[in-house]
1. Normalised by the residues of chain A, what does the relative contact order come to in percent, with Cα pairs under 8 Å and at least six apart?
2. Please figure out what share of the DSSP beta bridges in chain A is antiparallel and state it in percent, rounded to the nearest 5.
3. Using only Cα atoms, tell me the angle between helix A:162-182 and the longest principal axis of chain A; keep it within 0 to 90° and round to the nearest 10.
4. Calculate the spin-label point distance for residue B:89 paired with residue A:11, positioning each point 7 Å from the Cα along the beta-carbon direction, and give it in nanometres.
5. Hey, what did region A:1-78 get for relative contact order, percent, Cα under 8 Å, at least 6 apart?
6. Taking the simple approach of a point 7 Å from Cα along Cα-to-Cβ for both residue A:189 and residue A:246, what is their distance in nm?
7. Is the shape of chain B rounded, prolate or oblate, going by the alpha carbon gyration tensor and its root eigenvalues a ≥ b ≥ c, with a/c under 1.5 for rounded and a/b larger than b/c for prolate?
8. Might you report the magnitude of the Cβ-based charge dipole of region A:163-296 about its Cα centre, with Lys and Arg at +1 and Asp and Glu at -1, to the nearest 20 debye?
Amino acid sequence: MYPEKYKTALALIESKRENNLSFDFPKMGEKEKEELLREFHPEYKNEGYSVLRVGSNINEKVPTELARLIEANTIINESEIDLSSPDYDTDVLIIGGGGAGAAAAIEAHNAGASVLIVTKFRIGDSNTLMAKGGMQASVGVDDSIGEHFLDTYGAGGFCAYRELVKKLALEAPDAIEWLGSLGVDFDTDNNGAPILTSGGGTTKKRMLAKADLTGLEIMRTLKDEVRGLGIKTVCFSAAIELVLDENNCAAGAIIKNMENGKLSLVRAKATVIATGGAGSLKFGGSPTSNHMGTTGDGLVLAYRAGAKLKDAASNQYHPTGVLYPKDAEGALISEKARALGAKLVNSYGDVFINSLETRDVVSAAIIREYACGREVWLDTPIIDKLLGEGTIAENLPGMKESFERLGIDITKEPLLVYPTLHYQNGGLLIDINAETSVKDLFAAGEVTGGIHGKNRLMGNSLADIIVFGRTAGKNAAQRSKEKNNFKLTLDHVKKYNDELSKARIISDIASPKLI
Amino acid sequence: MLKITLLGCEYEVPEGITVSDAFEYAGIKTFHGKGCKNGFCGACAVLYRTQKDSTVKACLACQTMAEDGMCVASIPGFETENSRYSSSRYDTLLSLYLEINSCIGCGICTKLCPKGIDTKKLVNYARSGDTALAAKISASCIMCGACAEKCPKGIKPYSLGMFSRRFEGSKKSLKNNSIKGLIDKLADMSDEELKMLYSKSIGGKNVSRKI
């Protein structure tokens with residue numbers, strides 16, 4: 001139930017619903033989109049960003065909250081750490097227990113390496129399980145890998161690394177087959193063919209899903225596999241510093257038990273960073289749809305070890321974050337709602353944007369409406385009117401249930417929305433082997449940059465974590481076989497601290513932030 | 001303000017906040033008992049009773065509003081067992097989860113599920129070989145383990161659901177028959193050519209609109 005002040009808007013929206021059903025707002029041209037973004041998208045504003053004063057990306061701009069953490073003090077005092085007796089010795093260390101980390105662990109294990117997963121929470125507690133709408137892979141009969149490539153590269157503003165985009169598009173169908181073999185239960189029709197839907201900015205139906213619980217289905221299956229394989233996992237422990245070897249190649253990490261603060265040393269022949277994004281840093285005070293653990297730890301660790309960042313200033317605002325009720329502010333309303341036909345309307349009931357433009361464009365258009373004094377609503381009841389009663393219950397059960405608890409029936413009432421900080425588009429630069437610019441340091445998932453350019457398409461994050469998670473795992477396992485006899489050092493930490501003092505940077509906080 | 005008992009101690013918290021936020025407001029460290037804040041990760045499952053209803057129920061703290069007189073205890077969180085099974089063979093379910101046959105139908109598991117899944121039915125379906133239905137009704141399971149907590153026979157409904165979903169998923173065997181299309185050609189084009197192709201395939205038009 002909405003409070004009194006929304007009554008007029010709700011009545012107007014209801015009265016115009018029939019008309020809106022059959023009205024498709026025309027898609028914008030490239031020039032018009034550019035102007036809209038420049039004027040209203042948060043990323044194009046100058047305030048809220050700082051220029052990095054040290055490290056591989058010196059003089060480049062990143063969100064201020066992230067810059068502060070990158071230029072903060074280390075948690076450890078490197079001279080007090082004894083590097084002579086590691087607590088764990090493993091072939092492959094995986095930092096992060098979300099989808100990318102789990103996929104990497106399974107592949108590294110299957111390639112014969114000994115694997116250790118270190119995660120800040122329990123394995124599986126991650127943004128992956130909140131992914132709702134689907135996973136992109138060009139498996140449709142009228143679709144092709146080329147079209148997936150063009151959609152992704154174009155939506156990202158033509159600034160992604162093409163070889164990474166190409167790999168994503170090429171290997172996404174393999175990723176589906178692999179997940180299927182593990183028992184991920186994608187929705188299929190009576191003939192056993194996957195049911196495909198569109199997302200904003202896709203030219204073909206390319207989204208495989210399990211209702212609106214796709215990430216949950218993938219994550220719990222990967223977790224079950226990880227545990228079944230007996231892969232060693234250290235939970236509630238966060239990596240707080242990487243260790244390198246004498247040739248500046250990654251060689252493990254120092255981890256901290258989140259409960260008792262005890263530090264342990266992990267010696268590893270190859271290391272995979274899969275720590276996810278940075279949404280919980282709430283750039284510019286924005287609400288976020290992210291898990292509370294997304295504090296950009298991997299970026300900080302790897303940057304101190306010398307890794308390069310790509311497009312680290314670019315973040316995605318998901319157009320439909322919850323604005324009312326307050327308790328759920330920032331929570332996500334899946335893009336699948338729009339893929340099924342729900343339309344964005346303003347408080348006069350008028351459609352002002354094609355709901356299936358890319359996320360950056362839709363978000364900017366919503367912010368423009370608010371700037372003009374009009375609220376924005378996602379008119380979900382349209383779905384059942386368009387596709388028949390029961391469509392919402394069948395395809396968006398998770399969302400229906402969540403809002404029922406909040407006292408809103410999404411089959412009858414629209415939802416008040418505002419863009420929410422959702423995804424870090426950039427991150428650690430990787431090559432097609434998922435290796436960062438630091439040797440033996442691999443990375444996969446949201447922590448990486450270069451795949452999505454400056455705007456990610458719906459369903460490409462799940463494709464990304466599986467494709468690049470598997471790649472990172474396989475290559476880390478391979479690398480670990482080639483590496484022997486190395487000595488651990490924390491000299492890079494000392495060097496980084498010296499750089500900070502040379503730049504006269506004094507910080508009163510320590511990083512990574514962890515929580 | 002309302003009064004709520006958290007982990008055995010009474011606190012005053014503002015009205016209109018979730019149980020999860022009540023923990024935070026009271027200053028209780030809930031490092032284990034918190035996560036996605038969206039009702040998906042299962043980290044914040046708690047047991048509770050209210051003044052109106054003295055039976056103990058389970059809920060997700062981040063998805064439940066705090067009530068006056070509520071009494072809340074957190075669930076430590078049960079991890080699934082490390083079972084290696086072939087998710088493509090139903091008989092492995094019966095050999096791994098022998099206790100499934102001893103279900104007495106008391107329904108405590110169903111009462112405890114914070115997602116409202118009828119776990120008693122789930123156990124029945126899994127036992128009788130109807131894994132398709134077991135998978136279907138457990139689709140929204142977040143694997144918090146509350147259902148296994150109080151089972152007098154040691155049955156773990158969440159593990160049965162996990163098995164059933166993987167069994168059903170494995171049967172589908174989605175094969176990669178994708179079409180390569182023009183990928184090699186596209187990957188070698190200049191950005192200008194790609195921009196032209198992209199705007200043509202997206203099919204938008206530049207219009208100057210009044211806002």
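Bear in mind that the values in this text are calculations on the coordinates, not laboratory data. The shown structure was predicted, so the numbers you read here are calculated from the model rather than taken from an experiment. Note: ideal-geometry Cβ built from the backbone for every residue, glycine included; neighbour counts use all protein chains shown.
1. After rounding, I find 26 percent.
2. Around 65 percent antiparallel, to the nearest 5.
3. 80 degrees
4. 6.7 nm
5. Relative contact order comes out at 15 percent.
6. Modelled inter-label distance: 6.4 nm.
7. Oblate, since a/c reaches 1.5 and b/c is not below a/b.
8. 280 debye
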